[in-house]
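Let me begin by presenting the structure, written as structure tokens, before commenting on it.
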Amino acid sequence: MARSPKRGFSRLPGFPGRDDKELQPFMDVVARLPREKADELARSFLRAALGWERGGDPAHLTELAEDTLFTMRLRSDPRCKDEFENEQPRRPYRPDEAMDVETLLARHGMA
């Protein structure tokens with residue numbers, strides 16, 4: 001797989017600066033996260049990066065980016081903020097507890 005030449009983050013098209021006005025509300029959300037959730041956020045980014053490195057498919061990164069932006073926008077919305085502030089941390093699922101989407105939807109009467 002051919003890769004483009006390595007460039008610094010600041011040279012990537014569309015990459016925001018550290019002081020980007022849209023970034024601050026997301027950083028406020030991160031600052032309010034309990035340690036377990038902040039760790040899980042970092043773990044997700046690292047897993048996506050390793051998945052891309054091992055498999056070469058950038059979908060690991062783009063899907064994580066889309067999901068992260070959706071979640072951060074939701075958590076930074078003042079109408080939803082209190083709900084997330086009082087949320088209790090959940091333990092991560094073990095691999096043997098995982099289920100496919102169809103099973104999960106059926107369990108909740110959505111299939």
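The values are calculated or read from the model by the stated rules, or taken from the named source; none is laboratory data. As the structure is a computational prediction, the values presented were derived from the model and not from experiment. As a convention, Cβ positions derive from the backbone with ideal geometry for all residues, glycine included, and neighbour counts pool all protein chains shown.
For (1) in contact with a Lys or Arg (Cβ under 9 Å, 6 or more places away or on another chain); (2) loosely packed, with under 13 Cβ neighbours inside 10 Å; (3) not β-branched (Val, Ile, Thr), each residue gets a yes or a no:
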position: 8; (1), (2), (3): no, yes, yes
position: 11; (1), (2), (3): no, yes, yes
position: 21; (1), (2), (3): no, yes, yes
position: 24; (1), (2), (3): no, yes, yes
position: 32; (1), (2), (3): yes, no, yes
position: 43; (1), (2), (3): no, yes, yes
position: 67; (1), (2), (3): no, yes, yes
position: 76; (1), (2), (3): no, no, yes
Taking the range 15-48, which residues are over 19 Å from the mean Cα position of the chain (by Cα) and among the small types (Gly, Ala, Ser)? 17
Pairs with Cβ under 8 Å, 6+ apart, first in the range 1-21 and at pLDDT 75 or above, second surrounded by 10 or more Cβ atoms within 10 Å (Cβ to Cβ) and not charged (D, E, K, R): 16/23
